[in-house]
Amino acid sequence: MARPRSVQAHAKVLNAAVELFSERGIDATSMDAIAETSGVSKATIYKHWPDKDSLVLEVMGYLHGLDEEPPVFDSGDLRADLISQLQYQPAADRKALREKMVPHMIAYASRNQVLGGAWRARVIEPARRALTNIIRRGQKRGMLRRGIDPEVGIALLLGPMMYRHIFGHKAGRKGPKNLEIQVADAFLAAFGTGKRLPTRGAATTSKAQKQD
């Protein structure tokens, strides 16, 4: 069955925007260019997105796999859960485009604080929240020291990941090997108690995360 025209037009615009933003950057891409590349009129585009910023947010959400249900890593092995969470790649088939887009997005968001706040809330917050839940579970189960500020923990865990995304692929550089493992081990060396629980499997459902 053919998709309704509005759904087809939406997909065409989204695909064109992903292509142009990742190749030219956000500032250099006009809505006219997106209309021309997608074959969808500007009038139709503005029915779906009131402005370019709303389209940018949807593109970033798509590239970060917000259309997929993320796993919750709760095996009982804190080290394994931290590594799995840091290694998790939503929408793996969009990874190359995502890596091209993130530097453009950071630059664009630095000049547009409203958009930057919306991007962090929509795209970055889920990863931050997932790590917060892992840290809290670790404290509750006695595997992490009590009194850790979750924000400090998240900064220590996510900071190296962001560094790799921004700088790791420039000028032919290769990021550190097994970075996620090294980051998790450094975090546990600083805050871990050495206690371990029997593992229960690699991941549970997202419902478990909401109930934590």
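The values are calculated or read from the model by the stated rules, or taken from the named source; none is laboratory data. None of these values were measured; they are calculated from a predicted model. Using ideal geometry, Cβ is built from the backbone for each residue, glycine included, and neighbour counts are taken over all protein chains shown.
Quick one: how many residues across region 67-93 are touching a residue at least 60 places away in the same chain (Cβ under 8 Å) and either in contact with a Ser or Thr (Cβ under 8 Å, 6 or more places away or on another chain) or buried (at least 16 other Cβ atoms within 10 Å of the Cβ) (or both)? Outline the logic, then answer.
Filtering region 67-93 down to residues touching a residue at least 60 places away in the same chain (Cβ under 8 Å) leaves 69-80, 82-84, 86-87.
Narrowing the set further to residues that are either in contact with a Ser or Thr (Cβ under 8 Å, 6 or more places away or on another chain) or buried (at least 16 other Cβ atoms within 10 Å of the Cβ) (or both) leaves 69-80, 82-84, 86.
Going through region 67-93 one residue at a time, the tally reaches 16.
Kindly provide the set of residues from region 112-154 that are among the aliphatic types (A, V, I, L, M) and under 15 Å from the mean Cα position of the chain (by Cα), ordered by number.
Restricting attention to region 112-154, the residues satisfying the condition of being among the aliphatic types (A, V, I, L, M) are 114-115, 118, 121, 123-124, 127, 130-131, 134-135, 143-144, 148, 152, 154.
Within region 112-154, Ala118, Ala121, Val123, Ile124, Ala127, Ala130, Leu131, Ile154 meet the criteria.
Which of the residues that make up region 76-93 are part of a loop (DSSP other than H, G, I, E, B) and under 16 Å from Thr132 (Cβ atoms)? First the steps, then the outcome.
Quick first cut of region 76-93, residues part of a loop (DSSP other than H, G, I, E, B) only: 76-77, 88-91.
The answer is Tyr88, and nothing else.
Of the numbered conditions (1) surrounded by fewer than 16 Cβ atoms within 10 Å (Cβ to Cβ); (2) part of a helix (DSSP H, G or I), Pro50 satisfies every one except a single condition; which is it?
Looking at each condition in turn, Pro50 falls short on (2).
Regarding region 103-122, can at least one residue be identified that is of a type in the set (Val, Ile, Thr), crowded, with 16+ Cβ neighbours inside 10 Å and either in contact (Cβ under 8 Å) with a residue 40 or more places away in the chain or within 17 Å of Phe187 (Cα to Cα) (or both)?
No, the conditions are met nowhere in region 103-122.
Taking region 38-47 on its own, how many of its residues are crowded, with 20+ Cβ neighbours inside 10 Å and either not in a loop (DSSP other than H, G, I, E, B) or not hydrophobic (A, V, I, L, M, F, W, C) (or both)?
Of the residues in region 38-47, 2 are crowded, with 20+ Cβ neighbours inside 10 Å and either not in a loop (DSSP other than H, G, I, E, B) or not hydrophobic (A, V, I, L, M, F, W, C) (or both).
Among helices (runs of 4 or more DSSP H) lying entirely in region 126-212, which contain 1 or more residues that are at pLDDT 90 or above and either touching a strand residue (DSSP E or B) at 6+ places or on another chain (Cβ under 9 Å) or at positive phi (or both)?
Answer list for region 126-212: 150-167, 179-191.
Which condition number in (1) more than 23 Å from Thr193 (Cβ to Cβ); (2) outside any helix (DSSP H, G or I) is the one that Leu97 fails?
Failed condition: (2).
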